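Asks: Can you keep this structure in mind? I'll have questions shortly.
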Amino acid sequence: MIIISHPSCLEHLSPEGHPECPERIEAIRNQLIASGLEFVISERDAQPATDAQLHAVHDKEYLTSLEGMPPSRGVRTFADDIWMSPHTLTAARHAAGAGPQAVDLVLQGTTKAVFCNVRPPGHHAERARAMGFCFYNNIAIAARYALDQAGINRVAILDFDVHHGNGTQDIFLDEPRVLFCSTFQHPFYPHTDTQPDRPYIVNAPLAATAKGTEFRRAVEQAWLPALENFAPQILFISAGFDAHLLDDMSSVSLVEQDYQWVSATLRDYVDTHPDCKGIVSMLEGGYDLPALGRSVVAHIKGLAKL
Ligand SMILES: [Zn+2]
């Protein structure tokens, strides 16, 4: 088990009190230390994404529009609830570069699972639009790298953030080599289309009242049959923890055991399917800091079978 992070991920700033804050990264690290996991996992610094990796997923004009926008000091708004500070794009570059680096570690056989403790998050970022705290779609950049640069033919992206991963769906809408499975509160932000007519997009909406039972049922009845059928060679996880009971961002009520269960279930898939090389997991949402830290510990215990 390897964790990839980078000090620059603490330097993307939002206004005081904003939920998508640098303390999220520290809360995760603190809980990893408190749990003792710190001593059984190795850590790597994220490499910055290359221009080619960003362009493989995002529209050229959109990428150009981001350059030159960060302020020289303080924070400024770029779009609706999208904030930039002087080092935002440095942080975003490292968050986006962690994924391809993780793909290489898995495909080289160095590890079966990598968790990228990075921000800003990515799954709301569309091909040509920043959205929902996201600039570059980190998980899409990793999946695209696996397909185009690492000799992989089929990948699956599993997204359990409480918000639908509209950006990931937008980017891979016409890419049948990507199976996109998600659970999310519905109806809810981002209020985009969750019923595209594509066999490789498996959206499993959850009612606002949903708890672990409903979540696990969706994974067992929608995700797992789709995985069996699709036979991905690598699994990507958009790991958002904002469906937690204590997270004010949503009404869905998952707990640490649910995150450990889904993570162990996906690791079981890898262990029983020799063609599937491993798991690359990327932090998305999760805004109650203590619950976020504990949930990531549960996620890593599940991924690493600890
Ligand atoms: Zn979210």
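The values are calculated or read from the model by the stated rules, or taken from the named source; none is laboratory data. Just so it is clear, the model here is predicted, and its values are computed rather than measured. Positions of Cβ are backbone-derived with ideal geometry, glycine not excepted, and every protein chain shown enters the neighbour counts.
Asks: Is it fair to say T64 is of a type outside the set (D, E) and over 20 Å from the mean Cα position of the chain (by Cα)?
Replies: The answer is yes for T64.
Condition check ((1) part of a helix (DSSP H, G or I); (2) over 24 Å from Q149 (Cβ atoms)) across all residues:
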{"site": "L13", "(1), (2)": "no, yes"}
{"site": "G17", "(1), (2)": "no, yes"}
{"site": "R44", "(1), (2)": "no, no"}
{"site": "A52", "(1), (2)": "yes, no"}
{"site": "V57", "(1), (2)": "no, no"}
{"site": "S72", "(1), (2)": "no, yes"}
{"site": "W83", "(1), (2)": "no, yes"}
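Asks: Here's a follow-up. Can you go through T64, T77, T88 and tell me which one is exposed (fewer than 15 other Cβ atoms within 10 Å of the Cβ), β-branched (V, I, T) and under 26 Å from S250 (Cβ atoms)?
Replies: Residue meeting the stated conditions: T77.
Asks: Are there any pairs with C-beta distances below 8 angstrom linking a residue in the stretch 227-250 that is more than 11 Å from G286 (Cα to Cα) to a residue that is in a loop (DSSP other than H, G, I, E, B) and within 16 Å of the ligand (Cβ to nearest atom), with the two at least 6 apart or on different chains, and if so which?
Replies: I237/F160; S238/G122; S238/H123; S238/F160; S238/D161; S238/G165; S238/E284
Asks: For the stretch 182-218, name all the residues that are over 22 Å from I171 (Cβ atoms) and either among the small types (G, A, S) or surrounded by fewer than 21 Cβ atoms within 10 Å (Cβ to Cβ) (or both).
Replies: Matches in the stretch 182-218: P187, A207, A208, T209, A210, K211, G212, T213, E214, R216, R217, A218.
Asks: To continue, here is another question. Looking at the stretch 125-170, which of its residues are among the β-branched types (V, I, T), under 19 Å from L266 (Cα atoms) and buried (at least 24 other Cβ atoms within 10 Å of the Cβ)?
Replies: Those that are among the β-branched types (V, I, T), under 19 Å from L266 (Cα atoms) and buried (at least 24 other Cβ atoms within 10 Å of the Cβ): I139, V155, I157, V162.
Asks: If you check T213 against the conditions, is it part of a helix (DSSP H, G or I), hydroxyl-bearing (S, T, Y) and at pLDDT 95 or above?
Replies: Details: part of a helix (DSSP H, G or I): yes; hydroxyl-bearing (S, T, Y): yes; at pLDDT 95 or above: yes.
In short, yes.
Asks: N229 - would you say it is within 16 Å of the ligand (Cβ to nearest atom) and under 30 Å from N153 (Cβ atoms)?
Replies: Considered against the rule, which asks whether it is within 16 Å of the ligand (Cβ to nearest atom) and under 30 Å from N153 (Cβ atoms), N229 comes out as no.
Asks: A further question follows. For the stretch 274-297, which positions are within 16 Å of the ligand (Cβ to nearest atom) and either surrounded by 24 or more Cβ atoms within 10 Å (Cβ to Cβ) or of a type in the set (F, W, Y) (or both)?
Replies: Scanning the stretch 274-297 gives S281, M282, L283, E284, G285, G286, Y287, L292, S295, V296.
Asks: I'm told I234 meets every condition in (1) aliphatic (A, V, I, L, M); (2) farther than 19 Å from I139 by Cβ; (3) out of contact with any Asp or Glu (no Cβ under 9 Å at 6 or more places or on another chain) except one. Can you identify the failing condition by its number?
Replies: Every listed condition holds for I234 apart from (2).
Asks: So, one more: Here are the criteria: (1) touching a helix residue (DSSP H, G or I) at 6+ places or on another chain (Cβ under 8 Å); (2) under 18 Å from R119 (Cα atoms). Tell me which single one A56 does not satisfy.
Replies: (2)
Asks: Tally the residues that are within 16 Å of the ligand (Cβ to nearest atom) and either part of a loop (DSSP other than H, G, I, E, B) or more than 23 Å from A142 (Cα to Cα) (or both), restricting the search to the stretch 237-273. Please lay out each step first, then the result.
Replies: Start the filter on the stretch 237-273 by keeping residues that are within 16 Å of the ligand (Cβ to nearest atom), which leaves 237-254, 258-259, 262.
Going one step further and asking which of them are either part of a loop (DSSP other than H, G, I, E, B) or more than 23 Å from A142 (Cα to Cα) (or both), we end up with 240-254, 258.
Summing the residues that are within 16 Å of the ligand (Cβ to nearest atom) and either part of a loop (DSSP other than H, G, I, E, B) or more than 23 Å from A142 (Cα to Cα) (or both) in the stretch 237-273 gives 16.
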